[in-house]
1. With the cut-off at 1.5 for a/c, could you classify the chain from its C-alpha gyration tensor as rounded, prolate or oblate?
2. Taking the convex hull of the alpha carbon atoms in segment 32-90, what volume per residue do you get, in Å³?
3. What value, in deg cm²/dmol to 500, does the helix sum -39500 (n - 2.57) over DSSP H runs of n ≥ 4 give at 222 nm once divided by the residues of the chain?
4. When the expected Rg is taken as 2.2 N^0.38 Å, what fraction or multiple of it is the alpha-carbon Rg of segment 1-59?
5. Treat every Asp and Glu Cβ in the chain as -1 and every Lys and Arg Cβ as +1, leave all other atoms uncharged, and give the resulting dipole magnitude about the Cα centre to the nearest 20 debye.
6. Where a Cα-Cα gap under 17 Å defines reach, which lysines qualify for LYS51, not counting those fewer than 8 residues away within the same chain?
7. What does the accessible area per residue of the chain come to in Å², with a 1.4 Å probe and no ligands, DNA or RNA counted?
8. How much of the accessible area of the chain, probe 1.4 Å, is carbon plus sulfur, in whole percent?
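The values are calculated or read from the model by the stated rules, or taken from the named source; none is laboratory data. These numbers come from a predicted model, not from an experiment. Cβ: placed from backbone, ideal geometry, glycine included. Neighbour counts: every protein chain shown. Each accessible area value is taken on the protein alone, full model and side chains, heavy atoms only, with ligands, DNA and RNA left out. Shrake-Rupley method; radii C 1.70, N 1.55, O 1.52, S 1.80 Å.
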Amino acid sequence: DADNPIRRSLFRRIIPKVEQYLIKEDVDKTGSRFKLIRPPIALALLKLFQKLPADDCNQKLPNLLLTVCRVLQSQDSSAREDARKTLSRMAVTLGVEYLPSI
């Protein structure tokens, strides 16, 4: 099913473009840079991945989870809090079977 033009467009154009908007870099008052997660985009990508065949979902999902988890390392407490809330919403959406992955 790799020849499907819709799937090909989704994986080559749409998903990479949306993933670019997942993380926003910002600068605080002291001039240090930090990364912010955009929760609506993370949850939209998650729901999109869930609609894909299992192989495709299992290929894309770990990278999405890892991206959100990387924001937990941020020095900015609000960025960490947003990442925690996003990760918890993702866990609820995914269900119990994906809990070990998180």
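1. Details: a/c = 3.00, a/b = 1.58, b/c = 1.90.
It is oblate, given that a/c is not under 1.5 and a/b is not larger than b/c.
2. 67
3. Calculated from helices alone, the mean residue ellipticity at 222 nm is -18500 deg cm²/dmol.
4. Here the answer is 1.46, to two decimals.
5. With Lys and Arg at +1 and Asp and Glu at -1, about 260 debye.
6. Straight-line reach from LYS51, under 17 Å: LYS60.
7. Values: 6870 Å² over 102 residues.
That works out to 67 Å² per residue.
8. On the way: 3620 of 6870 Å².
Heavy-atom surface of the chain belonging to carbon and sulfur, 1.4 Å probe: 53 percent.
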